[in-house]
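Colleague: Please find one structure pasted underneath; my questions will follow.
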Amino acid sequence: MVYSADGIYLDFGRSTASYVAPTGEPGPTEPLPDAEIVYGDPSAGSTSAADISGYYIDLDMLDDPQKVLDALKALEGPCTVMIDLKSRGGSFYYSTGIEDAPRADTDVATVDAVLSYLKTNGFTMVAKVPAFVDTSFAERHSDCALQTTWGDLWVGDGHYWLKPYDSTVIAYLKQIARELAGKGFKEIVFDDFYFPDASQITYESERSRSELIQDTASDLLNFFASSNITISFGDPTSDFDPVSAASHVFISDIDGSRVNGVVSSFTKLEDPQAQIVFLTSSRDTRFEGYHLLRPLV
């Protein structure tokens, strides 16, 4: 069992072997040694509120990943870096091992080099991926996509959306998070984490759309609760309750005039000032006092 700044989790890489007598008889009666307690380094990989300060890398920046890599190498020291790694169309911007997953039309090998640089140089790595907007997955698994009352796949903002409550969709998100954790990410941000309210969408459930979203959030949080991965959410609706004080809510594309209103609208967050992280290039002083990520390039 490992105690770290992220919480307590089981490290399955450690030996759990115990003595068993060859005859099946009770083992030796000598006192067992004290269990080892490992304290994680809070400066390495921590995603506590105080650590959410640094830069973000969006998909437009990844059109020139070498420029991104050069910008990272020019930084004075490690910090928090959040990077978008999957488009709303469903393309992956790194070398994913997920079957049938399309690759983005960019220099994926250099993006992989970016991830390697972040991991080996002490950066706190945060990955952001769309949760329920994925045209490619919807085309491959149409039964997992939201449908209209006429039986067509529903389109929002030019892309197909997935059913937020579908077990295959949730398993897909877990698969992505596990893969990214293996690449050194300590926090996974599921963006577009909401159920569209369009009246044309049809679904079969006695639960409301907000309740279904909450159920999926709870499923993801519970699944990774014993790991050292933080599950967070991007641009959810203001009535969203992440059900975890460790989770963050990442807010993008707002100006300073909306800061106080946005923060006050998240009434279900345990500590909005600690949990909300703004993605902005603005120097508006109304962002001061909150956690900020600014564009890297």
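Colleague: With the radius of gyration and the Kirkwood radius both derived from the Cα set of segment 210-297, what is their ratio Rg to Rh?
Modeller: On the way: Rg = 13.6 Å, Rh = 13.8 Å.
For segment 210-297, the value is 0.99.
Colleague: To continue, here is another question. Spin-label point model (7 Å from Cα, Cβ direction): what's the SER53 to ARG178 distance in nm?
Modeller: Spacing of the two 7 Å Cα→Cβ label points: 3.7 nm.
Colleague: Could you give the semi-axes, largest first, of the ellipsoid that matches segment 90-169, computed as the square roots of 5 times the alpha carbon gyration tensor eigenvalues and rounded to whole Å?
Modeller: Details: eigenvalues 186, 33, 22 Å².
Here the semi-axes work out to 31, 13, 11 Å.
Colleague: Report, to two decimal places, the Cα Rg of segment 109-264 normalised by 2.2 N^0.38 Å (N = number of residues).
Modeller: Details: Rg = 16.6 Å, N = 156, 2.2 N^0.38 = 15.0 Å.
Here the answer is 1.10, to two decimals.
Colleague: Now a separate question. Rounded, prolate or oblate for segment 185-256? Axes are the square roots of the Cα gyration tensor eigenvalues, ordered a ≥ b ≥ c, and the cut-off for rounded is a/c under 1.5. List each step's numbers first, then the result.
Modeller: On the way: a/c = 2.44, a/b = 1.29, b/c = 1.90.
It comes out oblate by the Cα gyration axes.
Colleague: Using the Kirkwood radius over Cα pairs, work out the Stokes-Einstein diffusion coefficient for segment 53-139 at 20 °C and 1.002 mPa s, in µm²/s as a whole number. It would help to have the intermediate numbers written out before the result.
Modeller: On the way: Rh = 13.4 Å.
Answer from the Stokes-Einstein relation: 160 µm²/s.
Colleague: Can you tell me the length gained on complete extension of the stretch ASP284 to ALA245, counting 0.36 nm per residue apart and subtracting the Cα distance? Before the final figure, lay out each step's value.
Modeller: On the way: separation 39, 0.36 × 39 = 14.04 nm, distance 2.73 nm.
Extra length from ASP284 to ALA245 when fully extended: 11.3 nm.
Colleague: Could you calculate the FRET efficiency of ARG207 with SER238 from 1/(1 + (r/R0)^6), where r is the beta carbon distance between them and R0 is 25 Å, rounded to 0.05?
Modeller: Numbers: r = 19 Å, r/R0 = 0.78.
Step by step, r from the Cβ atoms, then E = 0.80.
Colleague: Step through the table entries LYS186/LYS268; LYS163/LYS183; LYS183/LYS268; LYS174/LYS268, compare each Cα-Cα distance with 30 Å, and write down the pairs that go over it.
Modeller: Numbers: LYS186/LYS268 24 Å; LYS163/LYS183 27 Å; LYS183/LYS268 32 Å; LYS174/LYS268 25 Å.
Checking Cα-Cα distances, LYS183/LYS268 exceed 30 Å.
Colleague: Can you tell me how much longer the chain between ASP215 and SER257 gets when fully stretched, taken as 0.36 nm per residue apart minus their C-alpha distance, in nm with one decimal?
Modeller: Values: separation 42, 0.36 × 42 = 15.12 nm, distance 3.25 nm.
Between ASP215 and SER257, full extension yields an extra 11.9 nm.
Colleague: I need the GluC sites (Glu not before Pro) found in segment 211-297, filtered to DSSP loop residues with at most 15 other beta carbons within 10 Å of theirs. Walk me through the numbers before you get to the answer.
Modeller: On the way: sites: GLU211, GLU270, GLU288; in loops: GLU270, GLU288.
Here the sparse-neighbourhood loop sites are GLU270, GLU288.
Colleague: Just the accessible area per residue of segment 158-263, please: how many Å² with a 1.4 Å probe? Write down the numbers at each step before the final one.
Modeller: On the way: 4380 Å² over 106 residues.
Per residue, segment 158-263 has 41 Å² of solvent-accessible surface.
Colleague: Given R₀ = 35 Å, FRET efficiency for ALA71-GLU139 by Cβ-Cβ distance, to 0.05? Show your work: numbers first, answer last.
Modeller: Details: r = 35 Å, r/R0 = 0.99.
The calculated FRET efficiency here is 0.50.
The values are calculated or read from the model by the stated rules, or taken from the named source; none is laboratory data. What you see is a predicted model; the values in this text were computed from it and never measured. In this analysis, Cβ positions are derived from the backbone assuming ideal geometry, glycine residues included, and neighbour counts consider all displayed protein chains. Keep in mind that these areas ignore ligands, DNA and RNA; they rest on the heavy atoms of the full protein, side chains included. Shrake-Rupley method; radii C 1.70, N 1.55, O 1.52, S 1.80 Å.
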